[in-house]
Amino acid sequence: MKRVHNVFHASLLEPTLPNDIPLCTESPPPPVDYSDHVEFEVAAILDSHVDRWQKGSGILYLVQWAGFEGTAEEFSWEPPENVSNASTLVHNFHRLHPGKPHSEA
């Protein structure tokens, strides 16, 4: 039997292709259903910026949702009230990026 070397160069790595097998996909987790509203879990806060057309503080956060970690098309810009239950993630984002815009709330 031929011996196989367990180290290879990073240039040999390729991104994975999306699964194209019909009916063989992992669905994202369901939203958390509260008595008066539905929420999705925030996985990470990726960025923030000021949107002058946004009501209130004008701050928007780029959110990566739990279970939707696949592609950037699944991220969304959300106002602070939509990430109020992820205050620790927001705080950690601003601690790592102190120059980024933040809400006063």
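A simple spin-label model places pseudo-atoms 7 Å from Cα toward Cβ; at SER84 and HIS9 they are separated by 5.5 nm.
With a Förster radius of 41 Å applied to the beta-carbon distance between ASP51 and ASP20, the computed FRET efficiency rounds to 0.65.
None of the figures in this text is laboratory data; all of them are computed from the coordinates on show. A quick note: this is a predicted structure, and the numbers were derived from the prediction, not measured. Cβ: placed from backbone, ideal geometry, glycine included. Neighbour counts: every protein chain shown.
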